[in-house]
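To start, the structure itself, in structure tokens.
Just so it is clear, none of the values below were taken in a lab; they were calculated from the coordinates. All of these numbers come straight from a predicted model, not from anything done at the bench. Methodologically, a virtual Cβ is constructed for each residue, glycine included, from the backbone with ideal geometry; neighbour enumeration extends over all protein chains shown.
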Amino acid sequence: MKLDASRILITGGSLGIGKATAKLFVEGGAKVGITGRDSRRLERAATETGSYPIVADVGDPKDVGETYKRFLDEFGGLECLVNNAGIGLPRYAEDVTLDDLETVFRTNVFGAALMTAEAVKIFKKQNRGHIVNVGSTAGLKGYERGTVYAASKFALRGMTMCWQAELRKHNIRVFLINPSEVATAIGSPDRVERTAPPNKLRSLEIAYAIKSVLEMDDRGFVPEFSVWATNPW
């Protein structure tokens, strides 16, 4: 895939990985739309990255429909969807509630599925397209207090594998990027981004990973790509 002039939609583009990826794509010549729930934060990110802002909640079917309407009205088509929107709630096993599960799964799982369903309709008609799902190494191995978040990322990984099996015959590439711990706002109730020390991952490393897999010639794709800090200790 050539970034130049490609039309790319990124969910969760206000902060962190989504914002860094949008900036990198725009610098590469792409036309980028970003979604987010906080209008002020989203507008600021759009200004800083050169992206088109769409205030929307990926877990709301009405917002999903409106997102695609606005994006297509603005750009006239779509080459790539990046399912990046994600939230996390650390919980011990005995403290997990149905509300916790529904809250996280609505964004991390249901939102990704709803956004992908609409993208696939477009991609099948044009017989090409690209979907990047931002998972987590938490979707490879569980950890203490990770019941809710890890379960959502295991689910996203499973959906990714299903989409890969289903969509290859339509020339639709589906990638899964698994960041290890990255200094973002995830897990922060106030959505305040953390600053990465020199030995920890930044959003930029993940943005480069996303860019690198997409830029491979369309005849091949990387099903899954995990990114770890070299020496986090």
| Angle in degrees between helix 112-126 and the longest Cα principal axis of the chain, rounded to the nearest 10 | 20 degrees
| Can you list residues whose amide H is under 5 Å from residue 129's amide H, if they're 5+ apart or on another chain and H is modeled 1.01 Å from N? | 173
| query | What residues have an amide H closer than 5 Å to that of residue 34, excluding those fewer than 5 places away on the same chain, when H is modeled at 1.01 Å from N in the peptide plane? | reply | 10, 52, 54
| request: Find, among the chymotrypsin sites (Phe, Trp or Tyr not before Pro) in the range 85-138, those assigned to loop by DSSP (not H, G, I, E, B) with at most 13 other beta-carbon atoms within 10 angstrom. | output: 92
| field | Using alpha-carbon coordinates, inclination of helix 147-167 to the longest axis of the chain, degrees | value | 30 degrees
| remark: Expected vector for the range 45-62, Karplus 3J(HN,Hα) from phi with 6.51, -1.76, 1.60 and θ = phi - 60°, integer Hz, x for Gly and Pro, equals 5, 5, 5, 6, 9, x, 9, 9, x, 9, 6, 6, 10, 5, x, 10, x, 5
| query | Where does the chain land at 222 nm, in deg cm²/dmol rounded to the nearest 500, when only DSSP H runs of n ≥ 4 count, each adding -39500 (n - 2.57), divided by all residues? | reply | -13000 deg cm²/dmol
| task | Give the long-range amide H neighbours of residue 227: residues separated by 5 or more places, or on another chain, with amide H under 5 Å away, using H modelled in the peptide plane at 1.01 Å from N. | result | 178, 180
| task | Let me have the relative contact order for the chain, percent, based on Cα pairs under 8 Å that are six or more residues apart. | result | 20 percent
| remark: Once normalised by the length of the range 14-138, the mean sequence separation of its alpha carbon contacts under 8 Å that are 6 or more apart gives a contact order in percent of 23 percent
| Which value in Å is the Kirkwood Rh of the range 7-227 over different Cα pairs? | 17.3 Å
| request: Name the most mobile residue of 183, 165, 30, meaning the one with the largest mean-square fluctuation, in a Gaussian network model of the chain with Cα contacts below 10 Å. | output: 165
| note | Per the 1/(1 + (r/R0)^6) rule, R0 = 22 Å and r from the Cβ atoms of residue 183 and residue 140, FRET efficiency to 0.05 is 0.65
| query | For the range 25-30, in order, what is each residue's ³J(HN,Hα) by Karplus, 6.51 cos²θ - 1.76 cosθ + 1.60 with θ = phi - 60°, in whole Hz (x at glycine and Pro)? | reply | 5, 4, 4, x, x, 7
